[in-house]
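Visitor: Here it is, the structure, as structure tokens.
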Amino acid sequence: MHWLKGKTTAIVGACVALIGLQGYGFVSMRSALEDRMSSLERVMQEGHDQDSAKISQVASDLNVVTKRMGVTMQELQQARGITEALKQEHARTALRLRSELASKADSKLVSEVQQEATTKLAEVQQDATTKIGAVSGEVQVVRTDLDTTRQDLASSRKDISDVRTQIARNSNELAELRRKGERDYFEFDIPKIRTFARIADVQVQLTKTDLKRQKYSVLIQADDNRVEKKDRMANEPIQFLVGRDRLRYEFVVNYIDKDRIRGYVSTPKDKVLSAEGPSFRRSQ
């Protein structure tokens with residue numbers, strides 16, 4: 001590559017020197033021509049007594065010089081063409097060499113990047129495998145807990161469904177439930193006053209009624225626990241647990257009047273079989 005570059009530089013230098021010499025000769029010839037033309041003008045202006053042969057000789061010399069100038073200009077143009085071609089060839093050679101060097105550098109860089117990417121990918125995969133293993137263990141634990149929760153929820157829904165299917169919406173339905181003999185039913189008619197009304201072994205106080213929307217609010221006290229149920233609707237059961245055995249009671253309002261509610265409280269008939277487990281405490 002260095003040899004080619006030196007050769008190209010030498011050729012360009014030679015062409016430049018040739019152009020310089022030819023240019024110098026062209027300038028010299030041009031100067032001589034101008035001198036001869038000036039001499040001819042002086043001769044013509046000084047008079048007609050000059051020798052016509054001399055004038056003819058000057059004209060002949062002028063023609064020779066003119067022809068010589070044409071040849072010189074043609075050679076100069078050719079030299080310029082050669083120089084331009086050499087410059088273009090030199091530029092193409094330099095561009096090709098730069099491209100080859102860049103390609104080699106890029107190939108090396110790509111190889112290094114690929115190696116680094118492969119190493120990092122292996123590290124990421126190893127870290128992901130470790131984390132996925134840990135998450136899988138946690139997911140398994142959560143899945144077990146979820147299965148247990150689903151079973152408890154299904155059991156709870158079944159219990160609630162069993163109770164709610166026995167809701168009485170009027171006196172006739174309440175009489176039908178009494179005939180079944182599965183639970184005890186205590187009817188009530190509670191006005192809105194400042195004191196509690198006792199129903200079975202719980203106490204209830206009416207705090208609000210909304211006749212237009214058919215909603216009511218009450219305070220229910222069982223044992224030492226007091227809870228407030230707000231904006232409940234007619235025939236919407238309220239379930240709560242009572243006593244040490246956690247017996248399930250149900251409070252149902254069938255009719256909502258102005259400052260008065262009527263309905264019933266149902267309690268388990270068999271206290272032993274109806275006792276709730278210690279982990280099943282529900283209040284709605």
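Visitor: Give me the number: length gained by fully extending residue 198 to residue 116, i.e. 0.36 nm times residue separation minus the C-alpha to C-alpha distance, one decimal in nm.
Guide: Full-extension gain reported as 21.4 nm.
Visitor: Quick one: which of 82-92, 171-181 comes out on top by average Cβ neighbours within 10 Å, and what's the full order, highest first?
Guide: 82-92, 171-181
Visitor: If you don't mind, another one. Percent relative contact order of the range 171-268, based on C-alpha pairs within less than 8 angstrom and at least six residues apart?
Guide: Computed over the range 171-268, the figure is 27 percent.
Visitor: Mind giving me the FRET efficiency for residue 233 and residue 131? R0 is 41 Å, r the Cβ-Cβ distance, nearest 0.05 is fine.
Guide: Result of the calculation: an efficiency of 0.25.
Visitor: Just want the ordering: 264, 216, 185, 255, from fewest to most Cβ atoms lying within 10 Å of their own Cβ.
Guide: So the residues, fewest neighbours to most, are 255, 185, 264, 216.
Visitor: Under unit Cβ charges (Lys, Arg +1; Asp, Glu -1), what dipole magnitude, rounded to 20 debye, does the range 171-268 have relative to its Cα centre?
Guide: Dipole size: approximately 320 debye.
Visitor: Kindly rank 28-37, 234-243 from highest to lowest mean number of other beta carbons found within 10 Å of each residue.
Guide: Going by the mean number of other Cβ atoms within 10 Å, highest first, we get 234-243, 28-37.
Visitor: Going by a ≥ b ≥ c, the root eigenvalues of the Cα gyration tensor, does the range 171-268 fall in the rounded group (a/c under 1.5), the prolate group (a/b larger than b/c) or the oblate group?
Guide: Since a/c reaches 1.5 but b/c is at least a/b, the shape of the range 171-268 is classed as oblate.
No lab work stands behind these numbers, since they all come straight from the coordinates. Bear in mind the structure is a predicted one, so any value in this text is a computation, not a measurement. As a convention, Cβ positions derive from the backbone with ideal geometry for all residues, glycine included, and neighbour counts pool all protein chains shown.
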